[in-house]
Each structure stands twice: as C-alpha cells, then as structure tokens.
Amino acid sequence: MKKILKISLLLMALFAASAHLSAADEGRLKIATTSSLYDTGLLESIVDQFSEKNDATVQIPSHGGTGIAIAAGQKGDVDLLIVHDKAREINFIEDGDGLERRCFAYNYFYIVGPEDDPAGIAGLNASQAFRSIMEGGLADPDQIKFITRGDLSGTHSKEQSLWKRAGYNYSEVNTSGSWYVDAGSPMGATLMMANEKLAYTLTDMSTFMAYQGNLTLVPLIEGGDELLNVYSAIAINPEKHPGVNCQLANQFIDYLVSPECQEIIGTYGQEQYGRPLFFKGEGNCDIMGCSAEECVVPTEAGCAEA
Amino acid sequence: MSMAFLELRNLDKNYGQAEILKQINLSVDRGEILGLIGPTGSGKTTLLRLINLLEEPSSGSILLEGQIKSGRPEKEKIAARRRMAMVFQKPVMFKSDVLENICFGMRARGLGREEQRREKAMQALQSVGLSGYESRDANTLSGGEMQRIALARAIVLQPELLLLDEPTANLDLRSASAIDSLLQGLAGGRTAVILATHNMMQCRRLADRVAVLVGGRITALGKNEDILGQVERSGRSSPAIAGLEIPW
Amino acid sequence: MEEIWNGILRAIELIITLNPEVMETTARSLFISFAAVFMAAIIDIPLGGLIELREFRGKKALVNLIQTLYGLPTVTVGLLVFLLLSRSGPLGELELLYTPTGMVIGQMILISPILTGLTISALKGVGPQIRDTAVSLGADESQVIGAIIKEARFAVIAAVLIAFGRALSEVGVAMMIGGNIRDYTRVLTTSIALQTSMGNLEMSIALGILLIGISMILNLSLSRFQGR
C-alpha cells in the first residue's frame, strides 16, 4: 500500500513538473478564433510556418463561436483574436481590450438551399433572397424553411444584418413561425440539419466546401457585397490585461500581413477543392471595406504595459 | 396393490467425485407420513431437494403417480412442483411482510382469488400459532417464527406431497409439539408427507413408516415400531443410529 | 471566479422568477430523459433478470461486454443513432432525426448497458436460497425473475436513478440527434453548450447549477434507497 502511494506521488510530481516546463510563457502565443476559420485548417498551416521561423509555440485553445473567442479576449486568457465580426471587433477595441484591428483575408458567405429552390432565390441578391425565403416560409412552412445557427456567431451576426437589410426586425423573423428553425448549433451541424430538412441556410464558404461531399444542398447565392466575410486579427491590450504576450501577438499579425503569408492564404485549398477557400487581403482593401490604416499593414501600436 | 404416490428408483446423486446418495429406492403413499431419519450430512436435504425437482439426480428416476418427472422438460417439472411443497431446513423469507410471504405460492400457482388467498393465509397463520403476525416484516422474525411461517406457506397450498426438512428444529418444546399436532392432522388425508428429522421422539410420534439414511444409503426401511425398536435395541454404538437424537 | 458567483446568483434568479424559457427547457430535459429511462427499464430490467438467472454459453463474455459499454462515449452513440435515423439511413422514413422522440431513442441506447448491467449486479446480490424458495413454491421462470427483482428492488431502483442521471446530463446524443432546436429539442445540456459558445458564461453556469441541483436531488433519493 505504502509503495503504491509513493509511486503515485512520484508520478504526480513528474506530471506537474512536465506541465510546468512546457508552459514556458515567453515563447508561447495563444490565439482565440472562430470555428469557421479554424475548421478549414488554414490557421494551422500559417501557425506551422510561423512557429518554425520564430521558434515560438503557438496554440489555438479557443476555436468555438465568435462569442466565446471574444470572451476569452476580454478575460485576457489569450494573446490574439482572429474573428470576423466587424461591429464586435470595433467595440472590443473601444472597450480597451484590443490594440488595433488588421484585416488580412476575406471570402464570402453563401446562401445554400435545396436543389429545387422552392423559394426561387437564384439570381437575386442576398437581401432579396432573404425576403423571398421569409415570404415563402410564412406561406408554406412545410416546403420552405430556413435554419439559423442562433448562436451569436459571426455567421449569425451576418445573418441578422441581412434580415435587417431585407427590411425586417430580427425579433419579427425569429418568432414568426415554424419555417424559421433555431438550431443553436455550430456551422457543420447546422448544414447537416439544413440538408436533412431540405432547408435554406447561411454558411461561410469554407465550411460548406468542406462538407459539400456529404450534402445535397447547393449554393444558390455566392458573392456580392452583402455576403462579404472579412477576417481580422486583434492583439489583446497588455495595458488592460497584463501578462498577455503582446510582442509575439504583434509578430504574428505582422506575419499574417506579410507577402509570404498572403500568398499562402490566397492559394489555400486549391489542391483539395479546386479553388482557394480565401482571398488575400493584399490589394483588396476596398472590397473588404477596410481603411488603409487597418488593411494588410504591419502593427504600429507598441506593447507598453500599464 | 395401488400405485404409490411418490416413487424413487435407484436414485444416485454425485457432486463431482463426492457420492452423496447411492441407490435410493423409496415410495410414499397418500395419507402416509414417512419419517426420514439419519445423522447430519447423511444426504437428507439433498434427497428432499431432488424430490422437489430443484436438482436432477445423477442417475435413477423420480415418479409421481407412476409418471417420471425427473429429467423432464421444465414445463412438466413446474407442473409437478406445483403439486408439492417443501419446508427448507433454514427457511428464508422474501423481503416483504408475513402475509405476502405466505401468499407467494398461491399467487405463483394461480390458486383462488385475492380475497380467498388472504383468508387462507390468515387461517394458516393461526394454525401455526402466529395469528396477528400478518403485517410484520418477515425478515425481523426469529428463526423459530420463520420456520413456522415457512410451514404455513407450504400447507396453505394444500399440496399432495409435503416435504419437511427439520421443521421443528428451532422451536421450543411447546411450539414444536403444537406443530407436531398440526402435522399429525395431515395423516390419513390425501397428502403424502416426508418428514426428515433427527429427532427420534418426533419420528416415533408422527411417522407411519421410517427410512434410515446413513452415508447416502437407506440402511433400514419399514414400519415405525419395527425400525425404531431395532434402533433402540441395537444401542447407541450402532453406526445405523450414530448421530441420532435419542432422548432417553 | 466572479462568473461562478454571478452564475449562482443568476441561477437563483432564474428559479425564483420561474423564467419561462428555462423552466420549459428544464421540463423538456426531464421529460425526455424520463421517457428514455422508463422505456429502457421495461426492456432492460427483465433482460437483466433473464441474463443473470439463466445459464448459457458466453454468459460471462456477454456480461463483460455490457460492463465495457458502461463507458460508451455519448458522441459515439449520437453518431451511430444519427446514421440510423438520417434521411439517407435505414430508418430515415420515420423522420425521427431532430425530434424529441429521436433523442429518447438515442438516450435509451446510451443507458441500456448501465441499466442492464447494474440490474444484473443487483440480482447477483440476492441469495440463491430465495431462488430455490420461489421455485419450490411453484414459480415459473418469469415469476422467479419477478420475485428476485422484487427482492433486489432497492438496488434496481438505484440502477434506474443512475441511468436517469446519465441521460439527463449527457450532451452528445442530445446535440447530434436533437439539434438543439429552440422550443423543440433544446434541453439543459445543449443550452449550456450553446451559452458557452456564445460567451454567456454566467448563464451557462446558472444552467449548470440547475442541472447539478436536479442531480443532487436524484442522488439524495438514491442514498435514501441505499440506506435501507
């Protein structure tokens, strides 16, 4: 009995020691990002390149919804945020949680739906499509449905803004009837549900392409300003959250905007999907709607701590 | 000669290498009380278990009214068991009240309706001298009380064959003699009774015939007076009676 | 730590004000898990009885298998049932995916090993003399099984409560089969997942506390039964 106790204590000590050793903070960068970006694998490719060049450890402990990523940033649990919700990003910076915003890549959302397109949205623009879907859904909820992620993710935020542009109050929309299904789920699960129910949904391009093989849904509207999806990076502010690895975060952002990385971004997915999943931010600032100061340029804000 | 109610033919029972019963030949008639005496470990309990079809003999057969019951499909054995009832040596009670325990057999056998069963159960309780015990938790009873409840739940089934394994072993003299009277009342009726005991006095009082079981074999079989007389005369040193309670 | 404290306060608030959405979600959680346990029990308890009381080749291996399945990952069960119920799967016609009924089925499958296995353990604890007594008194196989289950009833009820607790607090099956659809298949566990991914940590904790509270009540009942 005593022997077992001794061995267990020894093992626990070893475990604690190794955990401590691997937590060398100076060379470690923690990123919080959104599932739609993470699931494509792009970030991991970039991270691999970056870590090699800079002899750093980069980890992505948070890759759930945009909401939880922002929460992680607000608590100073990560050093860098990579998300796709402009309004919340701006709030984040205004609240003093983040230093500056840097747009570095973009792609588009798709409105996908059943092949036979019962609401007849093909050829319309996004807000017109949404209007058709709502009208069709109210009239015939068995035939025409829309699935929402309902989780305040970047995708969900985009969806809400589209309803607004279509002329509706979101609270009207989401209580108007059984045609509008609130799935409270991540993108992949939402796509599966839309596939089962032969419904429409809003999805980011990359998740859709990754799931396409398993779906009978087709993209009915792709592209256009209204469906723009811009990714940006924000370093957490060390003044408000002392202890974050601001220096490494800024280094990472600088890498993101570097020509080399932009090239990686612009060609990612070509082999596997026949077309790239993203467009590089470089040279596309107008399309992205990002100002010159925040578009694909190295960081300026220093890392002065409080 | 009319057919015996229960007949055992050349019964053997082995557990692995151990030979517990050897070439048992026995018969019991309706209305007869057969005393089965023998020292502890002679195989009395095993024999009763075999007759109750709880286990299969290693060879030989058990017949009820001339029909073989051992070795038959379970359905037939269940039907046969439902014509008998056994009181085990150290009976166990179900986790329930006394009434439930007594009614279990009647329910399992589908005898009568609920009210009738209740009535019968109360009567049986009275006949073993435990009126008023019906709502008591059966597992809080003393050994002797449990033994009487076990007897009640057997006789309430009005079995054609009653198997008793030391039914009064834990009882004080007064209760024991009350039970003896109860058992005596069964004599001459339609019930065949096998009473396994090592109490010679009880055997002498109740049994019509006696079988002596020693080391798994029947060493003596015959009318009560004859056998017990033999035992007395041969004295205590005789292996045939070693271990038997002789109170004089 | 602040979140935890705020979460506790929030939980109290939700309960006292009988917040309708939370109450509905809780009721749905309880109902679905209860239905799953009820229906599973009807099959699994007698099944456990049969397995324990019969002798057959491979019995030991079967019991071993059942006990191994205690630790079935919920997502694995969720995935298997998903493949069964999906439109492109064998039971697609029934349209059970993303419905509460589908969730019940999924949870039934999830808890069956536990329910069956613990019933077998419970019955093992009943002495062989009880069985002999029942048989001697004339019981047939199903009556014997019934008598032994009755003897072991407290341990069997404990098994049911454990199974209920597992069903109530699992998220893999609920999420994959139910789809977390608001007002339809959203239960406590999937709500917690959703609130967490949204960053609403206080709400998440509050719901978690609610769930723990219910489990605590369950466990208190459990210890009452075990105490006997």
With -39,500 (n - 2.57) per DSSP H segment of 4 or more residues and division by the full residue count of chain C, the 222 nm estimate, nearest 500 deg cm²/dmol, is -25000 deg cm²/dmol
Give, as a single signed number, the net charge of other residues whose beta carbon lies under 10 Å from the beta carbon of B:ALA121, with Lys and Arg counted +1 and Asp and Glu -1.
-> +1
Quick calc of log₁₀ I(q)/I(0), the protein assembly as shown, Debye, one scatterer on every Cα, no solvent, q values 0.07, 0.09, 0.11 1/Å, result -0.71, -0.90, -1.18
In the range A:138-154, which residues become less accessible by 20 Å² or more once every protein chain is in place, relative to the chain on its own, using a 1.4 Å probe?
-> A:ASP151, A:LEU152
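More than 17 Å apart: what percent of Cα pairs in the range B:119-202 qualify?
Working: 1568 of 3486 pairs.
Looking at the range B:119-202, the distances longer than 17 Å represent 45 percent of pairs.
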Choose one of A:ILE265, A:MET288, A:PRO298: the residue whose Cα lies farthest towards the positive end of the charge dipole of the range A:220-306 (beta-carbon charges +1 Lys, Arg; -1 Asp, Glu; about the Cα centre).
-> A:ILE265
Taking only Cα atoms, what is the 0 to 90° angle, nearest 10, from helix B:143-155's long axis to the longest principal axis of chain B?
-> 90 degrees
Gap separating the Cα centres of the range C:127-167 and the range B:20-55, nearest whole Å = 31 Å
On Cα atoms only, tilt of C:141-151 relative to the major axis of chain C in degrees = 60 degrees
Under 5 Å between amide H atoms, partner at least 5 residues away or on a different chain: which partners does A:GLY98 have, H built in plane at 1.01 Å?
-> A:ILE93, A:ASN237
For chain C, with every protein chain kept in place, what is the accessible area per residue (1.4 Å probe, Å²)?
-> 48 Å²
So which residue, out of B:GLY215, B:GLY229, B:GLY38, gets the largest mean-square fluctuation from a GNM of chain B using Cα contacts under 10 Å as springs?
-> B:GLY229
P(r) of the range A:207-306 in 5 Å steps, Cα pairs, percent per bin?
-> 2, 11, 16, 18, 16, 13, 11, 7, 4, 1, 0
Contour minus end-to-end for C:GLU95 and C:GLN67, with contour as 0.36 nm per residue of separation and end-to-end as the Cα-Cα distance?
-> 6.9 nm
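What percent does the relative contact order of chain B come to when contacts are Cα pairs within less than 8 Å and at least six residues apart?
28 percent
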Under a point-charge model restricted to the Cβ atoms of Lys and Arg (+1) and Asp and Glu (-1), what is the dipole moment magnitude of the range B:55-179 relative to its Cα centre, in debye to the nearest 20?
-> 300 debye
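Relative contact order of chain C, please, whole-number percent, based on alpha carbon pairs below 8 angstrom and at least 6 residues apart.
About 32 percent, as a whole number.
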Per DSSP H run of n ≥ 4, the term is -39500 (n - 2.57); total these for chain A, divide by its residue number, and report the mean residue ellipticity at 222 nm rounded to 500 deg cm²/dmol.
-> -12500 deg cm²/dmol
For chain A, longest principal axis from Cα atoms; helix A:187-197 axis from its Cα atoms; angle between them, nearest 10 degrees, is 30 degrees
Might you report the magnitude of the Cβ-based charge dipole of the protein assembly as shown about its Cα centre, with Lys and Arg at +1 and Asp and Glu at -1, to the nearest 20 debye?
-> 5880 debye
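How many square angstrom of accessible surface are buried between B and C, both sides summed, with a 1.4 Å probe and rounding to 100?
Summing both sides, the interface buries roughly 1700 Å².
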Within the set B:ALA85, B:ALA211, B:ALA108, GNM on chain B using Cα springs under 10 Å gives the largest fluctuation to B:ALA108
Long-range amide H contacts for A:LEU220: which residues qualify at under 5 Å (H placed 1.01 Å from N, peptide plane, sequence gap of 5 or more or a different chain)?
-> A:ILE111, A:VAL112, A:GLY113
Counting only residues 5 or more places away or on other chains, whose amide H sits under 5 Å from the amide H of A:TYR268 once H atoms are built in the peptide plane?
-> A:LEU277, A:PHE278
Lys/Arg Cβ at +1, Asp/Glu Cβ at -1, dipole of the protein assembly as shown taken about the Cα centre: which of A:PHE252, C:GLY199, C:ALA159 is farthest positive-ward?
-> C:ALA159
Per the 1/(1 + (r/R0)^6) rule, R0 = 22 Å and r from the Cβ atoms of A:ASP117 and A:GLU271, FRET efficiency to 0.05 is 0.10
Across the range B:48-63, in residue order, what do the Karplus-derived ³J(HN,Hα) couplings come to in whole Hz, using 6.51 cos²θ - 1.76 cosθ + 1.60 with θ = phi - 60° and x for Gly and Pro?
-> 5, 4, 5, 4, 6, 6, 7, 9, 9, x, 6, 7, x, 9, 10, 10
Would you work out which of A:ILE147, A:GLY177, A:THR207 lies farthest towards the positive end of the dipole of the range A:130-217? Charges go on Cβ: Lys and Arg +1, Asp and Glu -1.
-> A:THR207
How large is the helix-only mean residue ellipticity at 222 nm for chain B, computed as the sum of -39500 (n - 2.57) over DSSP H runs with n ≥ 4, divided by its residue count, in deg cm²/dmol to the nearest 500?
-> -10500 deg cm²/dmol
Return the single residue from C:LEU218, C:LEU118, C:LEU65 with maximal mean-square fluctuation; model: Gaussian network over chain C, springs between Cα atoms under 10 Å.
-> C:LEU65
Calc'd 3J(HN,Hα), the range C:28-37, phi into Karplus 6.51 cos²θ - 1.76 cosθ + 1.60 (θ = phi - 60°), Hz, glycine/Pro = x, comes to 5, 3, 5, 5, 4, 5, 5, 4, 4, 5
The C/A contact buries a total accessible area, at probe radius 1.4 Å and rounded to the nearest 100 Å², of 1600 Å²
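Can you figure out the FRET efficiency of C:LEU218 with B:ASP12, using R₀ = 41 Å and their beta-carbon distance, to the nearest 0.05?
0.15
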Semi-axes (Å, rounded, descending) of the ellipsoid equivalent to chain C per its C-alpha gyration tensor are 36, 22, 14
Can you give me the relative contact order of chain A as a percent, contacts being Cα pairs under 8 Å and 6 or more apart?
-> 25 percent
What number, in nm² with one decimal, is the all-direction average of the projected area of the convex hull of the alpha-carbon atoms of chain B?
-> 13.8 nm²
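The values are calculated or read from the model by the stated rules, or taken from the named source; none is laboratory data. Keep in mind it's a predicted model, so treat the numbers as computed, not measured. Heads up, the Cβs are rebuilt from the backbone with ideal geometry, glycines too, and the neighbour counts pull from every protein chain shown. Surface areas here come from the heavy atoms of the whole protein model, side chains and all, with no ligands, DNA or RNA. Shrake-Rupley method; radii C 1.70, N 1.55, O 1.52, S 1.80 Å.
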